[in-house]
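Here is the structure we will look at.
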Amino acid sequence: MAVYQRISARRGNTVQLDTRFLRGGIPTAPYAIRKVDIYKTQIIPANLIASFIVVDPWEPNYPSPVEYIRGDTPDGACGTEGEQGAILPGEYRLLLDIPADAAVPDVYFDVWSYIPTDPCTIEEFAGSCVIGTDGYTRYPDLNDPALSGLILQACNKFWVYADDWDVQDSLTSIRLGFEPLDQKFNQPEVRPLEIGIMPLPLYDYDFNLVAPILPQLIGTITIQTENNEILVEEEPLTIGLRQGSYRSNPYVFRYMVDTTKFLKGTYQYKINATLPDGSTRCSKQFILTIS
């Protein structure tokens, strides 16, 4: 089965539900993720379609069935050459297989229940903790109703569409425009570069033809210096939603820019979007400055 992002999941395939936990704006792993509930359309008990219980945090396979998200490079420890990258703090992923008979198109919600802090470090809840077999480590009874007040919930959403065949009659060509939403970055920022995706003509396009295609676009970015020295070549983009009320052009391509990996100066970049029929649309050269 293919793996899709939150913005464009497909019935009968897998959706990648990535979630990042932050404390004071800093990515931080909570003490324990307890479960992930999946709801359809609305978060009410009648619409619960799946529930994934996460093992206790002291178990060797924690956070199964959720998994850690790892970086691209190993953590540098001895013997890690060629292995997976280091675990990214506070970042987790749940791979959800969407049933072939799931109701589509529709919005779904993934609700993450978690305990942010070790209850044994809080005097109020210390009575729920016991000493482990090593005689030193204290373990909380996470099923103790007294701990229910510590549990927090985070609600995310994703969209599921039919995994249908499409037929092209070649009568109408799809035109796209690209709108750079970011230009200036300041070191040492690490933040997304966003480029709006606009169907053209903006207020007079075939909605039924174009709208279902936009979430399926596959985008890449190439960044180069003003002297045409390529620094980033055809790296993949993700699709997200822009802030504000945008009914005709709600989607953006997104690329995370780590300004510490660039010298201060001006750079050029170009976007390449691949449509489901295999044709491509390229943007003009845009400007990105890092100061």
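When Rg and the Kirkwood radius Rh are both evaluated on Cα atoms of segment 3-161, their ratio Rg/Rh stands at 1.02. From the residues Tyr114, Tyr269, Tyr39, which one has its Cα farthest along the dipole of the chain in the positive direction, the dipole being from +1 and -1 charges on Cβ of Lys/Arg and Asp/Glu about the Cα centre? Positive-most Cα among the choices belongs to Tyr269. Label positions at Arg20 and Asp258, each projected 7 Å from the Cα along the C-beta direction, are separated by 1.3 nm. Modelled label positions at Asp206 and Asn13, each set 7 Å beyond Cα in the direction of Cβ, lie 2.2 nm from each other.
Among Phe125, Phe262, Phe207, the ranking by other beta carbons within 10 Å of each residue's beta carbon, starting with the fewest, stands as Phe207, Phe262, Phe125. Once the chain from Ser248 to Gln216 is taken as fully extended at 0.36 nm per residue, the excess over their C-alpha distance is 9.9 nm.
When Cys120, Cys282 are arranged by Cβ crowding within 10 Å, least crowded first, meaning fewest neighbours, the order is Cys282, Cys120. Projecting the Cα positions of Phe286, Leu202, Gln243 onto the charge dipole of segment 175-290 (unit charges on Cβ atoms of Lys, Arg, Asp and Glu, taken about the Cα centre) puts Gln243 furthest along the positive direction. Potential lengthening of the chain between Arg175 and Ser64 amounts to 35.6 nm, from the contour at 0.36 nm per residue minus the alpha-carbon distance. Simple point charges give the picture: +1 on the Cβ of Lys and Arg, -1 on the Cβ of Asp and Glu, and for segment 151-291 a dipole about the Cα centre of about 560 debye. Calculate the length of the line joining the C-alpha centroid of segment 31-47 to that of segment 223-291, in whole Å. One Cα centre to the other: 34 Å. Computed extension length for Ile287-Asn228: 20.0 nm, one decimal, from 0.36 nm per residue of separation with the Cα-Cα distance subtracted. Per residue, the convex hull spanned by the Cα atoms of segment 175-290 measures out at 99 cubic angstrom. What the Cβ-Cβ distance of Gln187 and Gln5 gives, at R0 = 41 Å and to the nearest 0.05, is a FRET efficiency of 0.90.
Simple spin-label model, 7 Å along Cα-to-Cβ: Ile122 to Ser51 in nm? The answer from the label model is 2.1 nm.
Read-outs: derived from the displayed coordinates by stated rules, not from any lab. Since the structure is predicted, the reported quantities are computational estimates derived from the model, not experimental observations. Quick reminder, even Gly has a Cβ in these numbers, built from the backbone with ideal geometry, and neighbours come from all protein chains shown.
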